[in-house]
Every structure is written in structure tokens, then in C-alpha cells.
Amino acid sequence: MTTFVDRVELHVAAGNGGHGCASVHREKFKPLGGPDGGNGGRGGDVTLVVDQDITTLLDYHHSPHRKATNGQPGAGDHRTGKEGQDLVLPVPDGTVVLDRNGNVLADLVGQGTTFVAGQGGRGGLGNAALASARRKAPGFALLGEPGESRDIVLELKTVADVALVGYPSAGKSSLISVLSAAKPKIADYPFTTLVPNLGVVTAGGTVYTIADVPGLIPGASQGKGLGLEFLRHVERCSVLVHVLDTATLESDRDPVSDLDMIEEELKQYGGLDDRPRIVVLNKIDIPDGQDLADMIRPELEERGYRVFEVSAVARTGLKELSYALAGVIAEARAAKPVEEATRIVIRPKAMDDAGFTVTLEEDGIYRVRGEKPERWVRQTDFNNDEAVGYLADRLNRLGVEDELMKAGARAGDGVAIGAEDNAVVFDWEPTMAAGAEMLGRRGEDHRLEAPRPAAQRRRDREAERDEVSKEYQEFDPFA
């Protein structure tokens, strides 16, 4: 059964904002109590948080769909809806967040580092918050915004100071088991290690982490074997340690050619040329292994490698190796620039930035894109004429109609607000005067040309009653 997962595709959905409430205060002896609809609650966020107690992405492999709770709608008597609860997802240290196209969204390193993967939707305003001097009793409220939904990819890159690389069965797992308290699976057949193992080593006053990378064989950087799946785990290391098998039973292999092959794969993978290298000649407890180590050591030292002869079984040469690694790591840490606290930079928008764009597309549609227009459209209840009129007022005040005229739009032209896959399309009718003073009966807006049969029937009945009443008043029974 799989117990280690270092790459998953996660589907996150933040909570939707609660709808605002359209309500009028009703109380005895107060027939005109005024609007008292409360605002909707904010939807919950989906947040990734680094937890160093987590070492795998296994939980998200089994449950890839995660959703935060929605905000509650507002209510009368100025009651605001309850906010949705944020969903916090713990991830291992060294998790990289990517979108489906492979673009890096965040690199989560360090305990407590957070990333908001899904932003909760805003709650809609109630009619009490929408009341103004011109619109004293709004008959509508704004809808809550939908929460952000998207697919992300989580990749784990082990945060280790030392990476052990080498052929399968070179003794990497045995070496990490004697250098640290790690207990990896050890056996005498290739590809025993199927997941990276991580251990902590103390050498003098230096404490560092060490990891082995399984499955490196010729062609690993192109996906052969298991190497490509785990090469990402060496990207964060400070030093690479080549573990060479001096007692291999394969006649077509030798430690020098193994080293050249691994170096070629690391070169093909890229980004590791600046890491210092150390060569470990393992299994010198075997007579033939010691003889071969004596033969090849001068050649490796001529290439500039620091060479250590060790035996994980006999536990010889380990102290010298651990202290040498500690020295290299101490130098790397000293050379690393001091991390400063993140400076918060506030960049106000330019005064001439309208916050939206108007473009004419090939099909003759004028498309409006911008944060405010698209958010206002999402918050509008298009079943309420007064709410639609309020949207028209907002767009007009923002300058959308002026930009449409500048772009060449005429009455009756098609206008789309939003992206192609989720846009509101309508035939544009310019507004000659803005807003609330043009509104007729409550809940209606005469600027809309859409037929309303029920409203028309109501007007006809009222007109008929007025006519009958007028005739009755004019009738003189004694004439």
C-alpha cells in the first residue's frame, strides 16, 4: 500500500458569500420602519499551511476535493449572516504549488508558511446598506459572490542539506540508516527503496538533514525507472554525495562509469551544477571492494572530488564522512544571505486607471473586463428590475458607458461583461440620465424593455378600476 506521495492534483473550492437580505422593518404604529435587511457572511478561504510534522501528500491523494463552508445569508432587523469557516490544509515543508499549466504559484518553505489557494466570496449587501438619500427603501439586495474554485498541483521537494545519489543497491539506504536514526527498508535487490528517506545527523555542533534519492539509472532524467519522480528532491540540497558500489556483481559496471552516468543524468535534469560533490566508496568491508577503492581513488581525486572510503555494514569511515559533510554545510549556511522580513509595499492605482477595459471583438460584441464590473454583475439579481437598474447606475458612474461610446458602440449593440465562458450579454441602451430619480414603482425600472406581462395586467386592472370609479362619481341617480 502506498504510504508516500509527493505529487497530487488538488481541487479546491472556497466558500460562497451569503446573499444580502431585502427586508422592511415592521412594528406596530411604525408602518414606515425603513429597510433593515442585513449583509451576507463572507465565504471561507482554503489555505495551505506548512506543518513540519507532515511528510507526505498521501491524504490529498485519497481525498483530492476540498471545499470550505459558505457564508450564511443576512436577515431582517440588521442581522448579518455568519461567516464561513476557513479550511486549513497542512502540507509538508518544501511543497511547491503550481497551476495546471505548470506555473509556480507558491513555494512553501518554513514552518507556518501559508498560501491562500482559494479566496472566499464576499457577502452581499442587504438593502439597509444600499439605502441612500435618493433610494430610501431599496426593494433589492446584492447576491453573495461565489468562492474561488480552481485546480492546483502540489509537488513535494524534500528540504534536506545532503542528498545521496547513486545506482540502485549502491548502499544509500544502509548509509543513511547508520548516519542517522532513520529506518529505511534494506534488501539486496535493485529498487528496494521506492520513496526518499530522510534522516537527521549531528556532527559536533552542526545538525543537518540527509536524504537518499532512489531509482537513478541511465535515462532517469527522461523518465526511465523511478529517477525522474524523485530528482526534484535534490533541488534544495547544499551538497551532493555520490555513493559508489565498489563490490558490484554486474560485470558491465564499475564505480567510475557509475559516477559519470549519474553526473550526466544530473546535468540533463539541470540546475545542480553549482552544488559541491563528495564521493563515497561504499562496501570496502568486502576484500574486492577495498582493492577496487584503492585503484580508483587516485583517479577520482585527480578530478577534484573529495573521496571517503566507508562501510555501512562494518561502520568504518562514518565519523570522518559526517564531519566533512557538516563542514561543507556550515560553509553553505554562512554564505547564504540573511533573510529579511518581507516588506509590505502598497502600490496605489494610477489616477487615470479606469479599472476596466472595453474591446471590440471580431463578432461585433463589445467586451467589458475589469474587477469591479465583473464583481457587480455576479452580485446582481437579474430577476429584480430595481437591482438591474442599480447595476446600470453603478456602471454608468464608473464610466463604462463613456468608454463604450468612445469605442464606437451604438444603441442596440451587443455588450458582454466578463470572460467568454461566464459573461452576461445584453443589448446596450445608453442611459441619458442616471439613477434613482428614473425609477418608477418600487421593484421596477422603466429603462428595461423586457416585457413584464404580470405587471402590465396589474396596471390594466388598476386603470379599469379607476375608470369605473370615475364613471360612478359622475353618475347622478336623480338626474
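Some observations on this one:
- Computed FRET value (nearest 0.05) for residue 469 with residue 267, which takes r as the C-beta separation and R₀ as 56 Å: 0.05
- Cα-projected label distance for residue 316 with residue 104, points at 7 Å along beta-carbon direction, nm: 4.4
- Applying 1/(1 + (r/R0)^6) with R0 = 45 Å to the Cβ-Cβ distance of residue 114 and residue 274 gives a FRET efficiency near 0.90.
- Furthest towards positive pole of dipole, 16, 32, 47, structure part region 1-47, Cβ charges: 32
- The accessible area of residue 25, taken with all protein chains in place and a 1.4 Å probe, comes to roughly 50 Å².
- Within the assembled protein chains, the solvent-accessible surface assigned to residue 405 is about 90 Å², based on a 1.4 Å probe.
- Largest-first ordering by accessible area, 1.4 Å probe, given options 136, 172, 30: 136, 30, 172
- Two-decimal Rg/Rh across region 273-341, once Rg and the Kirkwood Rh are taken from alpha-carbon atoms: 1.11
- Global dimensions of region 54-147 from alpha-carbon coordinates: Rg and Dmax equal 19.4, 59 Å.
The values are calculated or read from the model by the stated rules, or taken from the named source; none is laboratory data. This structure is a prediction, so every number in the text was calculated from the model and none was measured. With ideal geometry, Cβ positions are generated from the backbone for all residues, glycine too; neighbour counts draw on all protein chains shown. For the accessible areas, the whole protein counts, side chains as well, though only heavy atoms, and no ligand, DNA or RNA atoms are used. Shrake-Rupley method; radii C 1.70, N 1.55, O 1.52, S 1.80 Å.
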